[in-house]
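Every number in this text was worked out from the coordinates using simple rules, so none of it is lab data. Everything quoted here is computed from the prediction, not taken from an experiment. Glycine gets a Cβ as well: all are built from the backbone with ideal geometry, and neighbour counts include every protein chain shown.
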């Protein structure tokens, strides 16, 4: 029997088409999505630039109540967040501009599904004893990924399995992007209000969408600058504490410190002000010299 070949004419391009993940179609039951809900998602996705969609634009064949029920069902299942945008005209009338759809949670669910399928495939290959030549990883990339997996296990008490899609994406990352992966958990903690509840971070969440990776890289650069400043501040405080200890080993008592401060106020007002307002690390050497003069005069 000859194979059937289906050819599409120019009408495909003339009227457009929708790119939908096969995971959504093939694993509809695992995702617990009804046919109506899948079709609803597809109709949202067809408006790839669809910001503030009216129900009539989304699906003119269904009533608003029916669309409301499908939205609510997807929200209840944890796949959708949406926001109704409104404005007020010059007469004070409220105008509904449309609905903004956010399927980030569905995207995450699909990435989890992809990871699970990848894990099962790897297990199957192990059972069949399929030997593949390993790709020699770049040391820095391997260190970052292993560190991420360790942190993931600490936080969620389970192993993190890098999906095949993630492995391919990681190969294409720049040095800055690889470095940024180190700070995924810090990013999620500081941006938790903008992420789904009980968000479970995956590398693909950032590598799959350009602007998310850009945000992570920007965050990583700022975070490293903060760490650097914190370290410098910490080092400065340690040095200042040592300078304080050195000072108190000289004067030995608060009474002596008070007496010397009175002396400073009369004889070295500039150093007196520094001692009162400045870090001890900046003046300890100068204080030590003046204190020795003070002690010499006091003994004389």
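Which residue, 262, 75, 38, tops the fluctuation ranking in a GNM of the chain built on C-alpha contacts under 10 Å?
262
I need the calculated FRET efficiency for the pair residue 47 and residue 228, taking r as the beta carbon distance and R₀ as 35 Å, to the nearest 0.05.
Once rounded, the FRET efficiency stands at 0.20.
Could you give me D for segment 205-251, from Stokes-Einstein at 37 °C and 0.692 mPa s, where the hydrodynamic radius is the Kirkwood radius over C-alpha pairs? Units µm² s⁻¹, please.
245
Using a Gaussian network model on the chain with a 10 Å cutoff between Cα atoms, which of 224, 245, 214 fluctuates the most?
Comparing 224, 245, 214 in a Gaussian network model of the chain, the most mobile one is 245.
May I ask for the angle, rounded to the nearest 10°, between helix 64-76 and the longest principal axis of the chain, with both axes built from Cα atoms and the value confined to 0 to 90°?
Helix 64-76 and the main axis of the chain meet at about 50 degrees.
Only helical DSSP H runs with n ≥ 4 go in: add -39500 (n - 2.57) per run for the chain, normalise by residue count and round the 222 nm mean residue ellipticity to 500 deg cm²/dmol.
Value at 222 nm, helices only, nearest 500: -19500 deg cm²/dmol.
What whole number of Å gives the distance from the Cα centroid of segment 234-273 to the Cα centroid of segment 150-222?
49
Decide, for segment 135-218, between rounded, prolate and oblate: order the square roots of the alpha carbon gyration tensor eigenvalues as a ≥ b ≥ c, take rounded if a/c falls under 1.5, and otherwise choose prolate if a/b is larger than b/c, else oblate.
Oblate, because a/c is 1.5 or more while a/b does not exceed b/c.
Only Cα pairs within less than 10 Å get springs; with that Gaussian network setup on the chain, which residue of 184, 203, 99 has the largest fluctuation?
99
Using the Cα atoms as the points, what is the convex hull volume per residue of segment 143-189 in Å³?
Convex hull of Cα atoms, per residue: 74 Å³.
Can you tell me the length gained on complete extension of the stretch residue 117 to residue 197, counting 0.36 nm per residue apart and subtracting the Cα distance?
26.4 nm
So what are the three principal axis dimensions of segment 21-66 from its Cα atoms, in whole Å, longest to shortest?
Extents along the principal axes: 30, 24, 13 Å.
Relative to the longest principal axis of the chain, what angle (0 to 90°, nearest 10) does the C-alpha long axis of helix 35-45 take?
60
For segment 53-204, rounded, prolate or oblate, judged on the Cα gyration tensor with a ≥ b ≥ c (square roots of eigenvalues), a/c < 1.5 rounded, else prolate if a/b > b/c?
Prolate, because a/c is 1.5 or more and a/b exceeds b/c.
Report which label in (1) 32.4; (2) 16.7; (3) 19.8 holds the value of mean projected area of the Cα convex hull in nm² derived from the coordinates of this structure.
(1)
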